[in-house]
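Scroll down for the structure; my scribbles are underneath it.
Please treat every number below as a calculation from the coordinates, not as lab data. Being a predicted model, the structure only gives us computed values, none of them experimental. Here the Cβ positions follow ideal geometry from the backbone for every residue, glycine too, while neighbour counts run over all protein chains shown.
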Amino acid sequence: MNELKLDALKQVENFLIEGKVKYCEPYGNGHINDTFLVVCDTEKGEHQYILQSINTKIFIPAEVMSNIEKVTDYLKAKSNNPRENLILIKKANGEAYHIDESGRCWRVYEFVTDSLCLERPESVEDFKECAKAFGKFQKDLASFPAESLFETIKDFHNTPKRYNDFLKAVSQDVCGRAKEVEAEIAFVKERESFYSVLLDANKRGELPLRVSHNDTKLNNVMLDKNTRTALCVIDLDTIMPGFSVTDFGDSIRFGASTAAEDEKDLSKVKLDIGLFKAYTEGFLENLKDDFKPSEIMLLPEGAKMMTIECGMRFLTDYLAGDTYFKTKYPEHNLDRCRTQFKLVKEMEDNWDTLKEIVKKYC
Ligand code: ADP
Ligand code: GN1
Ligand code: MG
């Protein structure tokens, strides 16, 4: 990381930042990009930036950055407040990203000042604030020209395709790990008939394609650190046409669990129904008039789909030798997979309750 940090210090100078760089530190808990906090000394005091090296194993920089520029410009027209919208800092030649000599791709954002983001909701209100932010984000983009967006990761939430990739990883078993995860493999296979329910609903006209965020984790919303109200949705790498219910679902997967995504003690992993309820209320606050009842009724399926899909992706990566998600120890992806499957089970056990909760909004 030190080498990368030195590199980061050098790369930030390519952008039109204010003042002189005072320090640059690795920052945040993302699984995909390398993120740094950059603090500069200016005449007016300290100025903070977020510097990121985009994961070019996963993303084509020109495509991701084209989407982000278009979306942030569009949202700027709705609010010019720098705490409410991500602001890209450009290079002197107007470009929004920089490719260095080694092929790494860098970008810089204004730091959302006096904000925080959470790994776990500290209260029901925190979670509801995030729900409102993602609901508003979707509402604000309702008329955005979806055809102008690149599909930055093909078939990102195409669960049947994810299932095929999983089956391939099982049969290839490149690390010889399949034997120790037979129960987890069986768990995924037993649910095969579920994986197409959202795509089927879309084909029947019950679930429209919308411009969606596709990575709606709690830590992708910045909250005001004093009032705890939601300010800004971040991590726009996967904005593409998708389903509202999967945006809802990914938030539930991550935020309505009573434990961290990589908790080893599965007895701590439960679905918090109160949080599910609060998120539903917050998410639909801005959206329910635009949604058909069929779309609202599929919210629990969205939650279960994102949870089983994410568990399947962690397991696939474990079988393939941990090449996609950043890991801190050898069984990290396996631990993450197990929490997801426990949550899926919790959702199945509480299915009627989840359906009752969303039905009220139809
Ligand atoms: P990843 O795709 O790796 O998750 P993110 O864009 O979500 O990357 O950034 C990782 C973390 O950096 C976020 O969870 C948040 O803590 C912090 N962060 C990112 N952008 C900003 C910003 N503009 N202002 C403040 N913090 C930010
Ligand atoms: C990744 O980038 P981050 O950490 O917000 C992943 C999501 C997963 C999530 C699991 C581009 O999100 O799809 O749901 O990890 N992002 C990408 O925590 O694959
Ligand atoms: Mg993130």
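Rounded to the nearest 10 degrees, the inclination of helix 159-172 to the longest alpha-carbon principal axis of the chain is 90 degrees. Rounded to the nearest 10 degrees, the inclination of helix 299-320 to the longest alpha-carbon principal axis of the chain is 70 degrees. Compared with the alpha-carbon gap, the fully stretched path from Glu192 to Thr229 is longer by 9.4 nm at 0.36 nm per residue.
Summarising the amide proton neighbourhood of Val221: residues at separation of 5 or more, or on other chains, whose placed amide H is nearer than 5 Å comprise Leu118, Ile234.
Around the amide H of Ala260, modelled in the peptide plane, lies no amide H under 5 Å away from a residue 5 or more places distant or on another chain. What shape does segment 1-79 have by the C-alpha gyration tensor, where a ≥ b ≥ c are the square roots of the eigenvalues, rounded means a/c under 1.5, and otherwise prolate means a/b greater than b/c and oblate the rest? It is oblate, given that a/c is not under 1.5 and a/b is not larger than b/c.
Using a/c under 1.5 as the rounded threshold, could you call segment 221-313 rounded, prolate or oblate? The axes a ≥ b ≥ c are square roots of the C-alpha gyration tensor eigenvalues, and prolate needs a/b larger than b/c, oblate otherwise.
Rounded.
Counting only alpha carbon atoms, the long axis of helix 2-12 and the longest principal axis of the chain meet at about 60°.
Shape class of segment 236-285 from the alpha-carbon gyration tensor: oblate, with a/c at 1.5 or above and b/c at least as large as a/b. In a fully extended conformation the segment linking Lys179 and Asn164 would gain 3.5 nm over its present Cα-Cα distance, using 0.36 nm per residue. Averaging the Cα positions of each part gives two centres, and for segment 16-47 and segment 338-362 these lie 40 Å apart.
The phi-based Karplus calculation (6.51 cos²θ - 1.76 cosθ + 1.60; θ = phi - 60°) puts the 3J(HN,Hα) values of segment 279-288 at 5, 4, 4, x, 5, 7, 3, 9, 10, 4 Hz, whole numbers, x for Gly and Pro. Cross-link reach is defined here as a Cα-Cα straight distance under 18 Å, omitting same-chain residues fewer than 8 places apart; for Lys10 the lysines meeting it are Lys20, Lys22, Lys90, Lys91. Highest mobility in the GNM of the chain, judged by mean-square fluctuation with C-alpha springs under 10 Å and restricted to Leu37, Leu271, Leu16, is found for Leu16.
Spatially, segment 141-205 and segment 104-130 are offset by 27 Å when compared through their Cα centroids. Charge dipole of the chain (Cα centre as origin; +1 on each Lys and Arg Cβ, -1 on each Asp and Glu Cβ, all else neutral): 400 debye, rounded to the nearest 20.
At 4 °C and a viscosity of 1.567 mPa s, what translational diffusion coefficient does Stokes-Einstein give for the chain, taking Rh as the Kirkwood radius over Cα pairs? Give it in µm²/s as a whole number. Write out the running numbers ahead of the final one.
Working: Rh = 21.2 Å.
Translational D for this selection: 61 µm²/s.
Could you list Ile239, Ile32 so that the one with the fewest beta carbons within 10 Å of its beta carbon is first and the one with the most is last?
Ranked by crowding around the Cβ, least crowded first: Ile32, Ile239.
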